[in-house]
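Values in this text are rule-based calculations from the coordinates and carry no lab data. These figures come from a predicted structure and were not determined experimentally. Glycine also receives a Cβ, built like all others from the backbone with ideal geometry; neighbour counts cover every protein chain displayed.
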Amino acid sequence: MNNYMFSFYDFLGYLIPGSFLVIMIRLISEFKLVDNEWSYKIDIIKNENIFTIIVLMYILGHILSFLSAITVERYSIWTLGYPSTYLLNYEKGGYYKSIKTHNNTRVFMRTFVWIILFPITIFDTIFKFNNIISAALDEQLQCAVKRCICNNLRENYKIYSICKDTELDFLRILYHEIVRSGDKHFNKLQNYVALYGFSRTIALVLVIAFYFSIYRLYKYSLWNINFIIFIFLLWGSSILLYYSYNKFSKKYTLEVLMAYLVMNKSKNENFFHKCKKEVKNGKF
């Protein structure tokens with residue numbers, strides 16, 4: 001594999017989100033009512049400062065990526081579980097139910113994240129579109145994947161709890177096996193990582209822009225139909241990008257599972273036949 005100073009993820013995951021936030025904040029800041037019309041002007045980049053601005057936007061992108069990981073990503077995991085969990089039909093805990101022992105700090109953190117992401121969470125709580133996103137694989141494929149993982153992790157790593165311990169981070173092991181093997185799925189996996197990282201961070205940027213727009217709306221009485229429509233577009237876009245993050249995160253996980261299954265096909269050819277019989281007989 002070739003090593004590059006800057007990867008696709010650096011641009012899609014850091015530079016673009018950082019730039020997008022700066023543009024959105026500047027755009028919203030320039031909204032003015034002139035004779036009941038929507039007037040704005042953008043003058044962000046000056047030629048003499050282009051390098052400094054790019055570096056600052058890149059750094060800002062890293063900060064936003066981290067913040068989106070502890071808010072948007074955590075909300076998704078607390079609500080649905082990891083994609084590897086719901087794809088294989090392991091039990092879902094629920095947003096608060098997944099807290100195993102009563103812990104006020106964890107309850108507070110989950111409540112805090114829910115409030116921070118209110119434009120997304122209120123919609124998701126009411127309409128529950130996440131239940132559609134978190135659909136499991138068909139039973140025969142679930143059976144084959146589970147048996148493949150259990151069998152190989154027992155043989156290669158002496159991990160015997162994998163079939164019972166759903167909290168084990170087995171996907172990380174599978175991913176590194178795929179990387180080590182130089183499998184052709186690797187580039188596709190990297191693309192999914194970049195896309196779900198981009199979607200996750202932009203979702204947070206849109207939430208920030210939404211709150212900033214609401215603040216400007218009330219502080220400067222920008223009660224203009226165009227500005228109000230713009231706010232609703234920010235709200236809707238933040239929701240779409242959140243579901244986009246879940247879609248690409250699921251695709252990434254599914255690609256890892258399928259790549260691992262194909263890599264070990266020669267050792268696990270009987271799994272498909274056994275699983276087909278078990279599912280047919282209702283034993284799975």
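Below is a table of values for the structure above.
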quantity	calculated
Phi-based couplings in Hz for the stretch 131-141 (Karplus 6.51, -1.76, 1.60; Gly and Pro marked x)	5, 6, 5, 8, 5, 7, 5, 5, 4, 5, 5
Peptides ranked, highest mean first, by Cβ atoms within 10 Å: ranges 205-218, 52-65	205-218, 52-65
Sequence of Phe248, Phe11 once ranked by neighbouring C-beta atoms within 10 Å, starting from the fewest	Phe11, Phe248
Estimated vicinal HN-Hα couplings, Hz - the stretch 14-26 in sequence order (Karplus 6.51, -1.76, 1.60; Gly, Pro = x)	10, 5, 5, x, x, 5, 5, 5, 4, 5, 5, 4, 5
Cut-off 18 Å (backbone N to label point 7 Å along Cα→Cβ of Ile59), residues of the stretch 7-34	11, 14-23
DSSP-loop GluC sites (Glu not before Pro) across the stretch 45-141, with at most 12 other Cβ within 10 angstrom	Glu91
Label-point gap, in nm, between Asp10 and His176 - each point 7 angstrom along Cα→Cβ	2.5
For peptides 221-233, 119-131, sequence by mean Cβ density within 10 Å, most packed first	119-131, 221-233
Tyr96-Ile50 pseudo-label distance in nm [points 7 Å out on the Cα-to-Cβ vector]	5.4
In Hz, Karplus ³J(HN,Hα) per residue of the stretch 224-241 (6.51, -1.76, 1.60; θ = phi - 60°; x = Gly, Pro)	10, 4, 5, 5, 5, 4, 4, 4, 5, 5, 4, 4, x, 5, 5, 5, 4, 5
Protection-proxy order for peptides 194-203, 19-28, each taking the mean of Cβ atoms within 10 Å per residue, highest first	194-203, 19-28
Too-long pairs where the Cα-Cα distance tops 26 Å, listed order kept, from Lys97/Lys128; Lys128/Lys184; Lys92/Lys146	Lys128/Lys184
